Amino acid sequence: MSHDNSASWSSSDRVLFGLLPPVVLASVALADLAFGFSTSYAGWPFLVSLVLIGMPHGAGDLVVNGRLAGRRSWSGYLRVFTTYVALMVVTLAAFVAWPLTTLLLFGVVTALHFGTADVEDLRGRGDRELADLATRLPAVLARGTLIIALPFAVQPVASLQVVADVAGLVGGTVPAATADAVQSWAWMAVGLAGLCWAGTLLVRAAEGRLRDATTDAGEVGVLALAFSVLNPLFAMGLYFLGWHSWRHTRHLHRFLDDDERFDFGGFARLHTRALPLLVPTLAAAAAVTWWSGLGWSATSLATVSIAAFVVVTPPHHLVVERLHARLRTDTGDDVASPGAETTDRAPTHRRIAS
């Protein structure tokens, strides 16, 4: 493999994973300005993501976690999955006991997760300034905070309704007269994110990396447009489906198939590998939907799916962090830290298909 991580982004990758997500998000946002459909179809992106790209990209964690630990069989994958399951159980218990606090922490973890993923992709396309922690950390905070906080700043009532619906699954309630306070805090968060982001642009500009700065600015502009215009539930579902999860499939293909060239055969294999974890997850989601009495509308299923993400995001984020570190090591983009486990640094060649 090349020792330049940017080399792994072929011209087709730059179109499929670099250009396509912001083009889709911007096009849908502009269409919504003209036709105003996102509220009527608010739950549909999350509904699609239950079986295509979205939920499967996380359900692949059983295999990914096992491979990262050096296992090569389903029994081996299950033996090293206990920590993942234990963290899910702890998170579920916290959600049931303290729904609003857990949802607040979920927002923080999700901002970190989304921000890290977006910045990792910018770095992979050649934005070398993001290899420096002093530049990367503000960029992560800026991206993630923008995605999570902007809907609450621009559309606080609709955004809080999503929170209320998810919390309601476990008996939680959002206090009355919360919208104004949440909106104020959200705007403060967006403002701080903007300052962080402006700082990263200035660093790149000072280094003469105008193309990197322009790429970042273009993506942030699209995100700001989409999360300002679209219904919050629709916007988050579309970002999760067509941007975050879609881009992550490329990393999964590189790791599981040891192939830098993405193909739709690998895309299909990802969904097949996800089935052992995806099927029980969907069964649990169906059971919760039936038990809650919410009905089977797209919005109800989106609400239940978000509740599932509350439980799985903490362990999922930890697995993804290890995956990114492995891929950077394999491409020579990171220096292995002393004392790191050899199973997490082993080359990805000669993987066994599952």
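No lab work stands behind these numbers, since they all come straight from the coordinates. Computed from a predicted structure; not experimentally measured. Cβ atoms come from the backbone with ideal geometry, glycine included; neighbour counts cover every protein chain shown.
Below, the figures for the structure above:
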item: Gap separating the Cα centres of segment 188-228 and segment 145-161, nearest whole Å; result: 19 Å
item: Highest-first arrangement of 231-237, 173-179, where packing means the average Cβ count within 10 Å; result: 231-237, 173-179
item: Sorted by Cβ neighbour density within 10 Å, fewest at the top, the residues Ser305, Ser12, Ser292, Ser75; result: Ser75, Ser12, Ser292, Ser305
item: Burial order of peptide ranges 246-257, 79-90, 180-191 (average beta-carbon count within 10 Å, highest first); result: 246-257, 180-191, 79-90
item: DSSP H segments from the chain that extend 20 Å or more along their own axis, Cα-based, with Kyte-Doolittle mean of 1.0 or above; result: 20-35, 82-97, 133-154, 179-206
item: Listed candidates (i) 31, 30, 22; (ii) 30, 26, 19; (iii) 37, 27, 17 - label of the one calculated as semi-axes √(5λ) of the Cα gyration tensor in Å; result: (ii)
